[in-house]
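Enquirer: Let me give you the structure first, and then I'll get to my questions.
The values are calculated or read from the model by the stated rules, or taken from the named source; none is laboratory data. Please read these numbers as outputs of a predicted model, since none were measured by experiment. Quick reminder, even Gly has a Cβ in these numbers, built from the backbone with ideal geometry, and neighbours come from all protein chains shown. Keep in mind that these areas ignore ligands, DNA and RNA; they rest on the heavy atoms of the full protein, side chains included. Shrake-Rupley method; radii C 1.70, N 1.55, O 1.52, S 1.80 Å.
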Amino acid sequence: MLSSTQHTHQTLESVWEWLDNSTIDSRRSAAPFYWFHLVNLLKPSTQEQHCEPNETDDQFKHDEHDDQEDREDQQSTATEGNNELLLSVLQRLTAVLDESFKNNTPVPNKRSLHSSLSQLARSSSHDPKVKKCLRHCLVSLDSVNEDEFAIVETSQLDLTESKDQTISELKSKIDQNADLEREMGQLRANKESYLCEIVSLQRSTEQTDEENSKLRSELGTTTQKLEEIEQVLIHAQQTMERMKKEIAEKEQFYVASDVIVAYSTEHFRVSESTVTRINSSGYAGCFTEPVSEGIHRLTIRNVGANVQIGVLDNAECPTSLTKPVYVSPKAAMMFNSDGSLYSAGKRLGQNSKPELGQEWSAEADLDERTLHFFIDHVQQQHYFTNIPVPLVFAITTDTKDAQIEITAWEEMNESHKAFEGTEHKLG
């Protein structure tokens, strides 16, 4: 995994110059870091140039009309220049991708580049030549392989290093717990030994008064030792419980950017353990990485907003970033508004409604091809069968500023299913 900060202060011209540098190795030429941000970088090229007409009257002077024509000419010239520069960048990028295909060179961050180009292609303001070049560029990108390496921002490496340090601290505390447990085992063994001594001493109380006096003294000493051991055991138990709680709290924190890897930056913000809906004008989806085998479970904390969770065919993911997921015939979703199950826009069944603050889970068994739902770890009656493989887990909402906390993202050895419920097929 490589880090880069080269995207800072990049311009459309610098993209062209970088791609046009023939001395750069083709493997790295196909992966400049700033194609993560192609949409934002090329945004001035995708905006429609237009002027709002102003109401005029017969008293406006002729020179004002000439000024207006000059401004329109300047705007038209700027738009043509941007389109030509954008066209040059896309043509060069297509050539680099074709060269990578010819040399059988894999491309890092292929999915990120595909997402950026797809968003550019959806703009309605491009010149026809630009649209055509975008289609050629996407075709060239589809023909190359994705590299096992990825380029990430330094801030993400810092987050990874912080997580590694946290894991190291947790392992150290686990080792401390093991030492405490061994000490507690020895103390319990000593306690049993002292108890045996007490029983033996009690049986000897029928001896002479002098012997009994000595035994009572020894009994008092042994009892005091037992009380001291009991206090040590209590203190050790409290320490273990506190450490277990600390470990559990740290293990429960899931970094949202580690879970949610596909989303539109114009619709979602992914930070710490939450996914936040922004600029709401309808439903939009965000997705995990694709999975193709095993048992996987995504858990969120239910919020007071319209939210759905479930799964979607991996091939449908790019087209569902900015539209409702539940309308797809290859989607299996549950709504929190009333617990209803939806696929292909049809209501298929109704589970319990998750209440505010409850943990709400979707569990997919890719071998059995089933999707079950849980509320606070309680299995719900209705579930989906014949789910797609491979698939991505989906979270979708239409509520602006809705903050959805991810409390678990895990692969399990066995399903949490406790009973046979009511099955529903997709579509």
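The rows are residues; the columns are (1) of a type in the set (S, T, N, Q); (2) closer than 28 Å to Glu293 by Cβ; (3) in contact with a strand residue (DSSP E or B) (Cβ under 7 Å, 6 or more places away or on another chain).
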| position | (1), (2), (3) |
| --- | --- |
| Lys353 | no, no, no |
| Ala362 | no, yes, yes |
| His372 | no, yes, yes |
| His382 | no, yes, yes |
| Ile387 | no, yes, yes |
| Ala394 | no, yes, yes |
| Thr397 | yes, no, yes |
| Glu411 | no, yes, yes |
| Ala418 | no, yes, yes |
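Enquirer: Can you tell me which residue among Ser343, Ser361 is closer than 14 Å to Gln308 by Cα, among the small types (Gly, Ala, Ser), out of contact with any Gly (no Cβ under 8 Å at 6 or more places or on another chain) and at pLDDT 95 or above? Full working, then the answer.
Expert: Details: Ser343 fails: out of contact with any Gly (no Cβ under 8 Å at 6 or more places or on another chain).
Ser361 is the lone residue from the list that is closer than 14 Å to Gln308 by Cα, among the small types (Gly, Ala, Ser), out of contact with any Gly (no Cβ under 8 Å at 6 or more places or on another chain) and at pLDDT 95 or above.
Enquirer: Met184: out of contact with any strand residue (DSSP E or B) (no Cβ under 8 Å at 6 or more places or on another chain), open to solvent by less than 60 Å² (accessible area, probe 1.4 Å), in contact (Cβ under 8 Å) with a residue 60 or more places away in the chain and part of a helix (DSSP H, G or I), yes or no?
Expert: Considered against the rule, which asks whether it is out of contact with any strand residue (DSSP E or B) (no Cβ under 8 Å at 6 or more places or on another chain), open to solvent by less than 60 Å² (accessible area, probe 1.4 Å), in contact (Cβ under 8 Å) with a residue 60 or more places away in the chain and part of a helix (DSSP H, G or I), Met184 comes out as no.
Enquirer: Test His424 against the stated conditions and say whether it is assigned to a loop (DSSP other than H, G, I, E, B) and either open to solvent by 20 Å² or more (accessible area, probe 1.4 Å) or touching a strand residue (DSSP E or B) at 6+ places or on another chain (Cβ under 7 Å) (or both). Working first, answer last.
Expert: Details: assigned to a loop (DSSP other than H, G, I, E, B): no; either open to solvent by 20 Å² or more (accessible area, probe 1.4 Å) or touching a strand residue (DSSP E or B) at 6+ places or on another chain (Cβ under 7 Å) (or both): yes.
So His424 does not fit the description; no.
Enquirer: Sticking with this structure for a sec: Exactly one of these conditions fails for Gln308: (1) farther than 28 Å from Ile278 by Cα; (2) modelled with pLDDT of 95 or more. Give me its number.
Expert: Exception for Gln308: condition (1).
Enquirer: Going through Gly310, Gly349 one at a time, which residue ends up being in contact (Cβ under 8 Å) with a residue 60 or more places away in the chain and surrounded by fewer than 20 Cβ atoms within 10 Å (Cβ to Cβ)?
Expert: Numbers: Gly310 fails: surrounded by fewer than 20 Cβ atoms within 10 Å (Cβ to Cβ).
It is Gly349.
Enquirer: Can you tell me which residue is farthest from Met334 (Cα to Cα) among those in segment 367-387 that are open to solvent by 10 Å² or more (accessible area, probe 1.4 Å) and part of a loop (DSSP other than H, G, I, E, B)?
Expert: Asp367
Enquirer: Do you know which residues across segment 328-337 are more than 18 Å from Val389 (Cα to Cα) and either in contact with a helix residue (DSSP H, G or I) (Cβ under 6 Å, 6 or more places away or on another chain) or at pLDDT 95 or above (or both)? I'd like the intermediate steps shown before the answer.
Expert: First, the residues of segment 328-337 that are more than 18 Å from Val389 (Cα to Cα): 334-337.
Passing the criteria: Met334, Phe335, Asn336.
Enquirer: Separate question: State which residue is nearest to Pro290 (Cα to Cα) when the search covers only segment 305-321 and only residues that are out of contact with any helix residue (DSSP H, G or I) (no Cβ under 9 Å at 6 or more places or on another chain) and in a loop (DSSP other than H, G, I, E, B). If you could, list the steps in order and put the result at the bottom.
Expert: Step one: list which residues in segment 305-321 are out of contact with any helix residue (DSSP H, G or I) (no Cβ under 9 Å at 6 or more places or on another chain), which gives 305-311, 313-317, 320.
From what is left, the residues that are in a loop (DSSP other than H, G, I, E, B) are 305-306, 317.
Numbers: Ala305: 26, Asn306: 24, Cys317: 9 Å.
Checking each candidate, the answer is Cys317.
Enquirer: When you check Ser168 against the structure, is it over 30 Å from Val96 (Cβ atoms), out of contact with any Cys (no Cβ under 6 Å at 6 or more places or on another chain), small (Gly, Ala, Ser) and modelled with pLDDT under 80, yes or no? Before the answer, list the steps.
Expert: Values: over 30 Å from Val96 (Cβ atoms): yes; out of contact with any Cys (no Cβ under 6 Å at 6 or more places or on another chain): yes; small (Gly, Ala, Ser): yes; modelled with pLDDT under 80: yes.
In short, yes.
Enquirer: Leu341 fails exactly one of the following numbered conditions: (1) in contact (Cβ under 8 Å) with a residue 24 or more places away in the chain; (2) over 25 Å from Ser273 (Cβ atoms); (3) among the hydrophobic types (A, V, I, L, M, F, W, C); (4) in a loop (DSSP other than H, G, I, E, B). What is the number of that condition?
Expert: (4)
Enquirer: How about segment 199-229: which of its residues are under 30 Å from Ile174 (Cα atoms) and open to solvent by 70 Å² or more (accessible area, probe 1.4 Å)?
Expert: Residues of segment 199-229 under 30 Å from Ile174 (Cα atoms): 225-229.
If the condition is that a residue be under 30 Å from Ile174 (Cα atoms) and open to solvent by 70 Å² or more (accessible area, probe 1.4 Å), then Lys225, Glu227, Glu228 are the ones that fit.
Enquirer: Just for segment 256-292: of the residues that are under 16 Å from Asp313 (Cα atoms) and either among the polar types (S, T, N, Q) or in contact with an Asp or Glu (Cβ under 7 Å, 6 or more places away or on another chain) (or both), which one is least open to solvent (accessible area, probe 1.4 Å)?
Expert: Here the answer is Thr288.
Enquirer: Determine if segment 356-365 includes at least one residue that is over 19 Å from Ile300 (Cα atoms), hydrophobic (A, V, I, L, M, F, W, C) and open to solvent by less than 30 Å² (accessible area, probe 1.4 Å). Show your work before the answer.
Expert: Of the residues in segment 356-365, the ones over 19 Å from Ile300 (Cα atoms) are none.
Within segment 356-365 (the criterion being over 19 Å from Ile300 (Cα atoms), hydrophobic (A, V, I, L, M, F, W, C) and open to solvent by less than 30 Å² (accessible area, probe 1.4 Å)), the answer is no, since none of the residues qualifies.
Enquirer: Separate question: Of all residues in segment 92-113, count the ones that are at pLDDT below 85 and open to solvent by 50 Å² or more (accessible area, probe 1.4 Å).
Expert: The total comes to 2.
Enquirer: Looking at this structure, is Glu410 open to solvent by 50 Å² or more (accessible area, probe 1.4 Å), of a type outside the set (A, V, I, L, M) and within 13 Å of Arg297 (Cα to Cα)? Full working, then the answer.
Expert: Values: open to solvent by 50 Å² or more (accessible area, probe 1.4 Å): yes; of a type outside the set (A, V, I, L, M): yes; within 13 Å of Arg297 (Cα to Cα): yes.
Here the answer is yes, as Glu410 does meet what is asked.
Enquirer: Which pairs turn up if I take residues in segment 111-139 that are over 19 Å from Asp98 (Cβ atoms) and look for partners that are of a type in the set (Phe, Trp, Tyr) with beta carbon separation below 6 Å, at least 6 apart in sequence or on another chain?
Expert: Ser112/Phe36
Enquirer: A follow-up question, please. Could you list, in sequence order, all residues of segment 114-127 that are open to solvent by less than 20 Å² (accessible area, probe 1.4 Å) and of a type in the set (A, V, I, L, M)? Full working, then the answer.
Expert: Applying the first criterion (open to solvent by less than 20 Å² (accessible area, probe 1.4 Å)) to segment 114-127 yields 116-117, 120, 126.
Leu117, Leu120 - these are the residues of segment 114-127 that are open to solvent by less than 20 Å² (accessible area, probe 1.4 Å) and of a type in the set (A, V, I, L, M).
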